[in-house]
Amino acid sequence: MKLQAINDLKAGKYKLYEFGIVSSPDTNRLIIRQLGIELIYRGCTVTAGIECYRAVMDSAVRVKFKNEIIDYPANPFDRPRFRSEFFNLTDSALLRINAKKISRVINALDELNEGKAHIQIFVDKGGEPIRIRWLGSLGKKNELNIANSVMKERFEPLIIGKDKVNTILTFPLKIE
């Protein structure tokens with residue numbers, strides 16, 4: 001596997017392995033692909049071969065992408081994190097601020113049908129919503145009206161260290 005990593009690097013292929021429970025694997029895979037890196041999710045299985053591969057590849061990734069990496073993990077099962085990745089918002093103060101904006105949007109809309117769902121808003125580091133994903137359904141009409149209004153808002157992104165980062169905001173919605 002060490003030789004495979006060296007051969008991949010010679011061919012210009014960069015690959016990172018990710019293990020364990022991952023908050024947003026599809027989003028991270030898409031963002032990292034834009035850097036020219038393939039992200040491979042391996043669940044909870046770490047083999048000796050993969051560890052050898054990672055030792056070579058992670059080192060090369062850290063050198064090549066040093067200006068893009070914001071976190072070098074202490075956990076040997078984790079991987080470097082990049083500025084352009086999305087992070088799930090966990091800061092309760094920021095969550096409250098952004099929840100007020102969502103509530104204002106919902107309350108300003110007329111003729112919404114009753115229902116419950118969760119909305120995930122992908123916010124770039126500048127606070128602009130760039131994508132919405134529904135977890136559950138409020139019906140197409142509700143979802144379209146809410147999404148159109150939400151996309152006009154500006155949200156507070158998460159700050160890691162001194163950097164604002166792309167953020168996933170997840171809110172429960174209940175229309176009565």
Kirkwood calc, the stretch 87-175, C-alpha pairs only, radius in angstrom 13.2
Per-residue ellipticity at 222 nm attributable to helices in the chain (runs of n ≥ 4 DSSP H, -39500 (n - 2.57) apiece, nearest 500 deg cm²/dmol) works out to -11500 deg cm²/dmol
Per-residue HN-Hα couplings for the stretch 160-172, Karplus 6.51 cos²θ - 1.76 cosθ + 1.60 at θ = phi - 60°, whole Hz, x for Gly and Pro? 10, x, 9, 9, 6, 10, 4, 9, 9, 9, 10, 10, x
All aspartates and glutamates inside 15 Å of LYS101 as judged from Cα atoms, apart from same-chain residues fewer than 8 positions distant: GLU128, GLU153, GLU156
Rounded to whole Å, give me the distance from the Cα center of the stretch 1-71 to that of the stretch 86-160. 32
So for the stretch 2-84, considering every pair of alpha-carbon atoms, how many percent are separated by more than 19 Å? 31
Using the 10 angstrom Cβ neighbour count as an exposure proxy, how do CYS52, CYS44 rank, fewest first? CYS44, CYS52
Most to least packed among 112-121, 127-136 [average Cβ atoms within 10 Å]: 112-121, 127-136
Residue span GLU38 to ILE159: 0.36 nm per residue of separation minus Cα-Cα distance leaves a gain in nm of 41.0 nm
Any residue on another chain or 5+ positions along whose placed amide H is under 5 Å from the amide H of LYS125 is listed here as ASN166
Would you grab the residues whose amide H sits under 5 Å from the one on GLU38? Only those 5+ places off in sequence or on another chain, please, with H modelled 1.01 Å from N. TYR14, LYS15, LEU16
Through the Karplus equation 6.51 cos²θ - 1.76 cosθ + 1.60, θ set to phi - 60°, convert the phi angles of the stretch 36-48 into ³J(HN,Hα) values in whole Hz; use x for Gly and Pro. x, 10, 8, 9, 10, 8, 10, x, 10, 9, 10, 9, 4
Scattering curve values for the chain, log₁₀ I(q)/I(0), Debye with Cα scatterers, q = 0.09, 0.10, 0.14 Å⁻¹: -0.40, -0.49, -0.81
Rounded to the angstrom and largest first, Cα extents along the principal axes for the stretch 92-141 equal 32, 19, 18
Across the stretch 3-9, in residue order, what do the Karplus-derived ³J(HN,Hα) couplings come to in whole Hz, using 6.51 cos²θ - 1.76 cosθ + 1.60 with θ = phi - 60° and x for Gly and Pro? 5, 4, 4, 4, 5, 4, 5
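Laboratory data are not the source of any read-out in this text; all were calculated from the coordinates shown. Computed from a predicted model, the values in this text were never measured in an experiment. All Cβ positions, glycine included, derive from the backbone under ideal geometry; neighbour counts span all protein chains shown.
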